[in-house]
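Trainee: There's a structure below that I have some questions on.
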Amino acid sequence: MTSLPEWASGLGLQPHPEGGWYAETYRSQVAVGDRVSATAIVFLLTPGQESAWHRVRSDELWIHQKGGPLELDLGGSGDHPAYADRTLLGSDPSAGHRFQSLVPGGHWQAARPAGDEPVLVACMVTPGFDFADFELATGS
């Protein structure tokens, strides 16, 4: 799928460097030192798109919002990603889906739709996200 689903047209999405589409929906007005305390985005992947291996300095909570299930891979906290665990985010706990999953700060992560439907998730980052703390894996 190369186009966004019709239901995403009002979300104000833009391309994300890791792949997929995003829009920031929240930036706390509370600062802790030089950082805002939390940020949130909506993030959309369509079938065939991937969120490439990347990591951020802060904890990131992924929350399923709409669409099919999403495979969220964790790759440890070493210098390079090394597949360690997979969580299936989705709306059907009887199928093994989880509604949310935490990626600890500094851990590699990658994601992709687990089926043929687009997937919309929310991602909350605390302390707040800053692209200066974002690292794509070499070769991504």
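Values quoted throughout were computed directly from the atomic coordinates according to the rules given, and no laboratory measurement underlies them. Worth saying up front: this structure is predicted, and the values here are computed from it rather than measured. Heads up, the Cβs are rebuilt from the backbone with ideal geometry, glycines too, and the neighbour counts pull from every protein chain shown.
Trainee: Near residue 118, within a Cβ-to-Cβ distance under 12 Å, what is the net charge of the other residues, with Lys and Arg +1 and Asp and Glu -1?
Mentor: Its environment carries a net charge of -1.
Trainee: Another question, then. Counting only residues 5 or more places away or on other chains, whose amide H sits under 5 Å from the amide H of residue 129 once H atoms are built in the peptide plane?
Mentor: Amide H to amide H, under 5 Å and 5 or more residues apart or across chains, residue 129 pairs with 39.
Trainee: May I ask you to compute the full-extension gain from residue 100 to residue 77, defined as 0.36 nm times their residue separation minus their alpha-carbon distance, rounded to one decimal in nm?
Mentor: 6.2 nm
Trainee: Additional query: So the label point goes 7 Å from the Cα of residue 28 along Cα→C-beta, right? Which residues of segment 48-90 then have their backbone N under 17 Å from it?
Mentor: Of the residues in segment 48-90, 57-62 have backbone N under 17 Å from the label point off residue 28.
Trainee: Shifting gears a bit: Please give the net charge around residue 70, taking every other residue with its beta carbon less than 13 angstrom from that of residue 70, where Lys and Arg add +1 and Asp and Glu add -1. Write out the running numbers ahead of the final one.
Mentor: Working: positive: 66, 86, 98, 112; negative: 50, 71, 73, 92, 116, 117.
Spelling it out: positives minus negatives among the neighbours equals -2.
Trainee: Could you state, as a whole-number percent, how many of the C-alpha pairs of the chain are farther apart than 23 Å?
Mentor: Tail of the P(r) past 23 Å holds 31 percent of the pairs.
Trainee: While we're looking at this one, here's another question. So for 34, 73, fewest C-beta neighbours within 10 Å to most, what's the order?
Mentor: Arranged by neighbour count, lowest to highest, 34, 73 become 34, 73.
Trainee: Summing Lys, Arg as +1 and Asp, Glu as -1, what charge do residues with Cβ under 10 Å from the Cβ of residue 130 carry, residue 130 excluded? Don't skip to the end; give the middle numbers.
Mentor: On the way: positive: 35, 57; negative: 34, 133.
Its environment carries a net charge of 0.
Trainee: A follow-up question, please. Given points 7 Å out from each Cα along the Cα-Cβ axis, report the residue 57 to residue 14 separation in nanometres with one decimal.
Mentor: So the two model labels end up 2.1 nm from each other.
Trainee: Please arrange 53, 7 by counting, for each residue, the other beta carbons lying within 10 Å of its beta carbon, fewest first.
Mentor: On the way: 53 22, 7 12.
The fewest-first ordering by Cβ neighbours comes to 7, 53.
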